Amino acid sequence: MDAGLTALLGAAVGSLATLGSAMLTGRAAARSQFGQWRRQHRRDAYAAYLGAAYDRDVAADAVRDALATDRPDLEDVDAKMEYFEAQVRGVQRAAEIVILEGPQVVVEALYGVVHAADDLAEVMRRMVRDAHAENTSRKAADTTLASAREHALYQSVKGLRAAATGVLDDSET
């Protein structure tokens with residue numbers, strides 16, 4: 001074989017190897033950038049949800065505090081309950097983004113929070129109805145039940161945080 005042809009073939013093989021290596025490096029960099037982008041979007045969705053849930057929980061505490069007296073100011077209770085319901089809607093909107101961002105382990109933990117929050121809200125709504133009807137027969141039991149459900153909600157939020165942290169820490173997810 002001619003030396004010039006050998007040099008030309010060697011240069012072509014070297015160029016192809018360099019091109020292949022550059023393509024692999026580029027694909028790896030693109031995957032890494034996509035992973036960082038996805039983690040950031042998930043982090044933002046998780047943080048927005050947890051922030052909205054915190055605001056809802058503060059509003060729930062205000063309703064429970066307003067109901068704690070022997071003769072609650074029903075206008076105050078209703079105003080606080082209306083604010084609470086608005087916060088619930090904000091949490092529901094934020095939950096939709098978490099569901100879209102996933103992954104399934106976080107969505108399942110989110111459903112645990114939603115279920116626990118719904119259970120607490122159910123008791124609070126009954127307490128408000130009873131306050132309007134001046135029915136105090138369940139007040140002590142419902143206050144205790146609301147505390148237990150608030151604790152269950154807190155535990156489910158802890159589970160969601162752990163799931164979200166696990167996903168955000170996992171560079172492959």
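Key figures for this structure:
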quantity	calculated
Complete set of residues in the range 103-135 that are free of Cβ contacts under 8 Å to residues at least 12 places away in the same chain and either among the aromatic types (Phe, Trp, Tyr) or not in a helix (DSSP H, G or I) (or both)	Tyr111, Ala133, Glu134, Asn135
Residues of the range 121-158 that turn out to be closer than 16 Å to Ala62 by Cβ and either at pLDDT below 95 or over 18 Å from the mean Cα position of the chain (by Cα) (or both), as a count	10
Residues of the range 86-102 classified as of a type outside the set (Val, Ile, Thr) and either surrounded by 15 or more Cβ atoms within 10 Å (Cβ to Cβ) or over 23 Å from the mean Cα position of the chain (by Cα) (or both), total	6
Members of the range 68-82 that are assigned to a loop (DSSP other than H, G, I, E, B), at pLDDT 95 or above and either of a type in the set (A, V, I, L, M) or over 11 Å from His132 (Cβ atoms) (or both)	Asp73
Criterion: within 29 Å of Val167 (Cβ to Cβ), more than 14 Å from the chain's Cα centre (by Cα) and at pLDDT 95 or above - qualifying residue of Asp118, Asp65	Asp118
Scan of the range 136-152 for residues that are in contact with a helix residue (DSSP H, G or I) (Cβ under 7 Å, 6 or more places away or on another chain), over 15 Å from Ala66 (Cβ atoms) and not in a loop (DSSP other than H, G, I, E, B), ordered by number	Leu145, Arg149, Glu150, Ala152
Test set (1) farther than 18 Å from Ser147 by Cβ; (2) within 10 Å of the chain's Cα centre (by Cα); (3) at pLDDT 95 or above; (4) surrounded by 15 or more Cβ atoms within 10 Å (Cβ to Cβ) - Val113 fails condition number	(1)
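Rundown of residues vs (1) without any contact (Cβ under 8 Å) to a residue 40 or more places away in the chain; (2) not polar (S, T, N, Q), yes/no style:
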{"position": "Ala53", "(1), (2)": "no, yes"}
{"position": "Ala66", "(1), (2)": "yes, yes"}
{"position": "Met81", "(1), (2)": "no, yes"}
{"position": "Val88", "(1), (2)": "yes, yes"}
{"position": "Ser137", "(1), (2)": "yes, no"}
{"position": "Glu150", "(1), (2)": "no, yes"}
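The values are calculated or read from the model by the stated rules, or taken from the named source; none is laboratory data. Keep in mind the model is a prediction, meaning the values are calculated, not measured. Every residue, glycine as well, gets a Cβ built from its backbone with ideal geometry; the counts of neighbours run over all protein chains shown.
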